[in-house]
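Before any comments, here is the structure.
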Amino acid sequence: MKFVKTLLVASLALASSLAARADDSAQAWLENYYKNPQPAQLVSRVYDLSQDGYFNGAGQPAIAIGFFAEVFAKNPAKVDQ
């Protein structure tokens, strides 16, 4: 019985760890940017999105252009960075 309890606790810990990592993905950051804008992370997250193949999907470049335009418009002093 102790083994089953230990296995259950380990499974729950693993599931919460995977959920936390999923929330930390670049795509999750992009989709939830409006809730917590973080323009300083833009370059690293765009790199992550590119590495994950996000921009290869149909319609994704157009969505990204709109997103970038909005971020740049709200942070004009940081665009050159």
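Values in this text are rule-based calculations from the coordinates and carry no lab data. Just so it is clear, the model here is predicted, and its values are computed rather than measured. Positions of Cβ are generated from backbone atoms using ideal geometry, with glycine treated the same way; all protein chains shown enter the neighbour counts.
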### Query
From the phi of every residue in segment 50-65, what ³J(HN,Hα) in whole Hz does the Karplus formula 6.51 cos²θ - 1.76 cosθ + 1.60 yield, where θ is phi - 60° and glycine or proline is x?
5, 5, 7, x, 4, 6, 7, x, 4, x, 5, x, 5, 4, 5, 4
### Query
Roughly speaking, what is the stretch gain from residue 73 to residue 55, that is 0.36 nm per residue apart minus the C-alpha to C-alpha distance, in nm to one decimal?
4.4 nm
### Message
Given points 7 Å out from each Cα along the Cα-Cβ axis, report the residue 80 to residue 32 separation in nanometres with one decimal.
### Response
3.4 nm
